[in-house]
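Enquirer: Submitted below is the structure of interest, expressed as structure tokens.
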Amino acid sequence: MKVVDAAGKVCGRLASAVAKMLLAGEDVSIINAEKAVVSGSPDSIANLYKVRLDRGDKYKGPFMSRLPDRMLKRMVRGMLPYKKPTGRNALRKLRVFVGAPKDLASAAVEIGAKDVSELTSEHVTLQDLSHKLGRKPV
């Protein structure tokens, strides 16, 4: 099982790298999901997510989450063929955590996703984005 630390990583790059690992048959756990970043203006990113949240109704969906770990899992799902058996089986092998569980914190590996220090534009963490979308503070 591979453990990936999402702290300071760009979500899209992280999600694509994790999707490739999952399709290769590996079990992947992502820790510190709330510290992953989305590049772009924080206000425009929040508005885009708000439009997605308000779409549909509460009975038929689409259902979007405000929790950072579920946001990241949904990003990885978007890069998998989740409607086919290979994608469903790959998505079952993914675990995403807010924070770092004690048994997984020391086993984290480095992947080639873009780091926040390489960004020249504005960015927002998933934790800040979830608070802007109305998640209650923990």
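The values are calculated or read from the model by the stated rules, or taken from the named source; none is laboratory data. Everything numeric in this text was worked out from a predicted model, so none of it was measured. Cβ: placed from backbone, ideal geometry, glycine included. Neighbour counts: every protein chain shown.
Enquirer: For the stretch 75-85: of the residues being of a type in the set (Lys, Arg) and loosely packed, with under 15 Cβ neighbours inside 10 Å, which is farthest from LEU53 (Cα to Cα)? Break it down stepwise before answering.
Expert: Our first condition is that a residue be of a type in the set (Lys, Arg); within the stretch 75-85, this holds for 77, 83-84.
Now narrow it down to the ones that are loosely packed, with under 15 Cβ neighbours inside 10 Å: 83-84.
Details: LYS83: 22, LYS84: 25 Å.
That would be LYS84.
Enquirer: What are the residues in the stretch 1-51 that are of a type in the set (D, E, K, R) and within 15 Å of LEU72 (Cβ to Cβ), if any?
Expert: Hits for the stretch 1-51 are ASP5, LYS9, ARG13, GLU34, LYS35.
Enquirer: Let me ask you something else. Consider the stretch 89-104. How many of its residues are surrounded by fewer than 13 Cβ atoms within 10 Å (Cβ to Cβ) and part of a helix (DSSP H, G or I)?
Expert: Matching residues across the stretch 89-104 total 3.
Per-residue answers, yes or no, for (1) modelled with pLDDT under 95; (2) aromatic (Phe, Trp, Tyr); (3) over 26 Å from ARG135 (Cα atoms):
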site	(1), (2), (3)
MET1	yes, no, yes
ALA24	no, no, yes
ILE30	no, no, no
VAL37	no, no, no
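Enquirer: For the subset of the stretch 105-138 comprising residues that are β-branched (Val, Ile, Thr) and part of a loop (DSSP other than H, G, I, E, B), which member is surrounded by the most Cβ atoms within 10 Å (Cβ to Cβ)? Quick ask: steps written out before the conclusion?
Expert: At the first step, the residues of the stretch 105-138 found to be β-branched (Val, Ile, Thr) are 109, 111, 116, 120, 124-125, 138.
After this cut, where a residue has to be part of a loop (DSSP other than H, G, I, E, B) as well, the list is 111, 120, 138.
Numbers: ILE111: 17, THR120: 6, VAL138: 7.
Checking each candidate, the answer is ILE111.
Enquirer: Moving on to the next point. Within the stretch 63-86, how many residues turn out to be over 28 Å from HIS131 (Cα atoms), assigned to a helix (DSSP H, G or I) and either in contact (Cβ under 8 Å) with a residue 40 or more places away in the chain or among the basic types (Lys, Arg) (or both)?
Expert: Matching residues across the stretch 63-86 total 1.
Rundown of residues vs (1) surrounded by fewer than 16 Cβ atoms within 10 Å (Cβ to Cβ); (2) touching a Lys or Arg at 6+ places or on another chain (Cβ under 6 Å), yes/no style:
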{"site": "VAL3", "(1), (2)": "no, no"}
{"site": "SER29", "(1), (2)": "no, yes"}
{"site": "SER44", "(1), (2)": "yes, no"}
{"site": "TYR49", "(1), (2)": "no, no"}
{"site": "ARG52", "(1), (2)": "yes, no"}
{"site": "LYS60", "(1), (2)": "yes, no"}
{"site": "PHE63", "(1), (2)": "yes, no"}
{"site": "ARG66", "(1), (2)": "no, yes"}
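Enquirer: Identify all residues within the stretch 39-55 that are outside any helix (DSSP H, G or I) and either of a type in the set (Lys, Arg) or in contact with a Phe, Trp or Tyr (Cβ under 8 Å, 6 or more places away or on another chain) (or both); write none if there are none. Full working, then the answer.
Expert: Within the stretch 39-55, the subset outside any helix (DSSP H, G or I) is 39-41, 55.
The one that is outside any helix (DSSP H, G or I) and either of a type in the set (Lys, Arg) or in contact with a Phe, Trp or Tyr (Cβ under 8 Å, 6 or more places away or on another chain) (or both): ARG55.
Enquirer: Could you grab me the full set of residues in the stretch 23-38 that are at negative phi and either assigned to a helix (DSSP H, G or I) or of a type in the set (Gly, Ala, Ser) (or both)? Outline the logic, then answer.
Expert: Keep residues of the stretch 23-38 that are at negative phi, which gives 23-24, 26-31, 33-38.
If the condition is that a residue be at negative phi and either assigned to a helix (DSSP H, G or I) or of a type in the set (Gly, Ala, Ser) (or both), then LEU23, ALA24, SER29, ALA33, GLU34, LYS35, ALA36 are the ones that fit.
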